[in-house]
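Worksheet: the structure to be examined is printed underneath.
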Amino acid sequence: QELLTDIRSLLAAYEIKKTSSRIKSVLEQNAKNGKAGGGSLLPFGYTKDKDKKLIIDEHESEIVKLIYKLAYDGKGTKMISSILNEKNIPTKRGRMQSGFSMKVKGEKKTTFVWRDAVIYRILTNSIYKGERKYKDNIYKCEAIINEDTFNDVQEKLKTRNQFKNTTNKYTYLLKGLIHCSICG
């Protein structure tokens, strides 16, 4: 009886490993073929066609171009998120059908605003210059931003060096302007 249970356990573990391997293989093949990943939330600026291929969403791509332009002009991630919120430009989740909600830190959210962390991820994601990363591989996809603009923005982000991955709701008058002479 115990031997039979052990054999069943081994067979189940083998099937799980085999299934996992198949799924990973299919996901990588999909990335190679330009298909969108799983889930309803694709990178901002992209959608999928009837064949589930990743394509540019014309409306959202204009917003991505605006984000890169603002960053290129020297605006920080916090400032860009404020500009988008002031213009009432919806986020990816905000554009989804009404009634969409999700739990964030145990609370149900139905309204979604731009945050500096989201802007930073958009500015540093190479998918926007046509390089989609999957695991350690890079696959070509449709680019929204040309490579020179993408690289220029990366340089500007490095020199700013003040990005803090925060979702702080408060704006302080001297934030980022004064520094402690002892600890920096």
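The values are calculated or read from the model by the stated rules, or taken from the named source; none is laboratory data. None of the values given here were measured: they were computed from a predicted structure. Here Cβ is always computed from backbone atoms with ideal geometry, including for glycine, and neighbour counts include all displayed protein chains. For accessibility, only protein heavy atoms count, side chains too; no ligands or nucleic acids. Shrake-Rupley method; radii C 1.70, N 1.55, O 1.52, S 1.80 Å.
Listing for the model above:
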{"quantity": "Å² per residue, accessible surface of the stretch 1-92 at 1.4 Å", "calculated": "66 Å²"}
{"quantity": "Of 53/133; 52/140; 35/156, pairs whose Cα-Cα distance is over 24 Å", "calculated": "35/156"}
{"quantity": "Protection-proxy order for peptides 63-75, 9-21, each taking the mean of Cβ atoms within 10 Å per residue, highest first", "calculated": "63-75, 9-21"}
